[in-house]
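Colleague: Quick one: structure below, then a few questions.
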Amino acid sequence: MIGVLVALASAIGWAASAQSPEPSSGAVAQSLFEAGRALMDEQKYEEACAKFEASQRIDPSAGTLLNLGRCLEMRGKTASAWAIYKQTIALGNATNKPRQVSAAEQYLADLTPKLCKLEIVVASAVPGLTIKAGSLELDEAARGEPVPMDPGTYAIVAEAPGHQPWTGEVTLTEGASEQVLVPVLTRALEPPPPPPPPTRERELGPLFISGVTVGGAGVITLAIGAAFGAITLSDASELEDDPALCPDRRCSAAGLAALEQAEANAEIATGTIIAGGIAIAGGGALAAIGLLTGEPPPRVGVVPLVGETKGFAVVGNW
C-alpha cells in the first residue's frame, strides 16, 4: 500500500473531536483498541492497524494514535508512521496527555533518520500539469520539496492538456532520498484533417442503360417498319399493274383480296413505324433521366399488338 502523508490537525480540532463519546461507542472503541493490541503481540500488523484506525474513528485519543503509529512503523510504512506521531503530539498536547506526547516524540526522533524522501522537479511547468506518484497526487506546492514517502516502487505520471503524458519509475528505500526530473512535456500531435471525399467517376446507371436499350429497340423497330412498308407499297403497285389480277386496273376478286392484304400489311408497317418512334422517344427520355437522377430503372419492353390494332407498343412500370 502506497504511503501518504496524513495532514496534521490543529490542537483545537483534535480537542473538539476528543470529547467523551457515548458509553456504547466508548465500549466499542475500547474493544477495538484491545483487539489491536492483541494482534500487535501476534505480529499481525496489517489487521492490528485496521483495528486501531476503527477505534480512532469512534473515540479519538492520543493513546490510540500512538499505537497506530507503532503498528504502521512495524509494517515498514515509515512516512505514514511519522505523520501519525506528529498527530499524536498535537492531540496529546491538546488533551493533556504528556506520557503519550513524550513517547511519540521519542519514536519520532528514532524514525526520522529512517525516512525515505521523494523530490519531484519539473523542467518546465505547463498549464494544468498534474503529477502522481502511484495514487498520490503531488500538487504544485509539493514539487521541488523532499516529501517523506513510504518505501516502495512508484510509477510517476505527468499529464497536461494538449501534451503527451510522461511516465517514469522510482524506487525508495529506507533512509534514502530520490529526485525525479519531469522533462518538458511534448505537445500532442494535432489530428490530421479528414481526407476529402473520394471523387466518384460518372457511372452509367441502370436507368440510362434501360433507356439506351429501349431506344435501340425503337430504332430497329422503326427500320423494320419502314422496310416492311416499302415492300408493301411495292407489292400493291405491282398488283395494280398485274394484267392477270387487275386487267385495265379493274381487279378481279383475287386481285381485290390481294390488295386488301397489302393494305393490312401497310397498316402493320405504319404501326411498327409508330411503335419504333415511341420507343426511340421513350428510350431517350429514360436515358436522360438516368443521367440526371439515381432512380431505379423502370421495367419496360416493346410488345406486338394483335387484334384489330396491329403494330408494337412500349409497356412498363414508371
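Read-outs throughout are calculated quantities, based only on the coordinates presented, and are distinct from any laboratory measurement. Just so it is clear, the structure is predicted and the values come from calculations on it, not from any experiment. We place every Cβ from the backbone using ideal geometry, glycine too, and count neighbours over all the protein chains shown.
Colleague: Mind checking the range 21-67 for trypsin sites (Lys or Arg not before Pro) that DSSP puts in a loop (not H, G, I, E or B) and that have at most 16 other Cβ atoms within 10 Å? Intermediate results must be reported in sequence, preceding the final value.
Modeller: On the way: sites: ARG37, LYS44, LYS51, ARG57; in loops: LYS44.
Loop-located and lightly packed - LYS44.
Colleague: Return a whole-number percent for the relative contact order of the range 11-113, with Cα pairs under 8 Å and 6 or more residues apart as the contact set. Write down the numbers at each step before the final one.
Modeller: Details: 132 pairs, mean separation 26.7, N = 103.
Computed value for the range 11-113: 26 percent relative contact order.
Colleague: May I pose another question? Express in whole angstrom the spacing between the alpha-carbon centres of the range 112-128 and the range 68-101.
Modeller: 25
Colleague: To make sure I understand, if each residue's beta carbon is the centre and we count other beta carbons within 10 Å, what order do TYR154, TYR85 fall in, fewest to most? Write down the numbers at each step before the final one.
Modeller: On the way: TYR154 22, TYR85 27.
Going from sparsest to densest Cβ surroundings: TYR154, TYR85.
Colleague: For TRP166, TRP82, which order do you get if you count the other beta carbons within 10 Å of each Cβ and list the fewest first? Write out the running numbers ahead of the final one.
Modeller: On the way: TRP166 16, TRP82 23.
Going from least to most buried by this count: TRP166, TRP82.
Colleague: Given the pairs LYS86/LYS132; LYS44/LYS97; LYS77/LYS97; LYS51/LYS77; LYS51/LYS132; LYS51/LYS117, which are separated by over 22 angstrom at their Cα positions?
Modeller: Details: LYS86/LYS132 24 Å; LYS44/LYS97 27 Å; LYS77/LYS97 25 Å; LYS51/LYS77 17 Å; LYS51/LYS132 29 Å; LYS51/LYS117 28 Å.
LYS86/LYS132; LYS44/LYS97; LYS77/LYS97; LYS51/LYS132; LYS51/LYS117, as the Cα separations exceed 22 Å there.
Colleague: List VAL121, VAL147 from most exposed to least, where exposure is judged by having the fewest other Cβ atoms within 10 Å. If you can, show how the numbers build up before the last one.
Modeller: Details: VAL121 11, VAL147 18.
Ordered from fewest to most neighbouring Cβ atoms within 10 Å, VAL121, VAL147 come out as VAL121, VAL147.
Colleague: On to the next question. With bins 5 Å wide starting at 0, give me the P(r) of the range 116-182 over every alpha carbon pair, in whole percents.
Modeller: Calculated P(r), rounded to whole percents: 4, 18, 33, 26, 13, 5, 2, 0.
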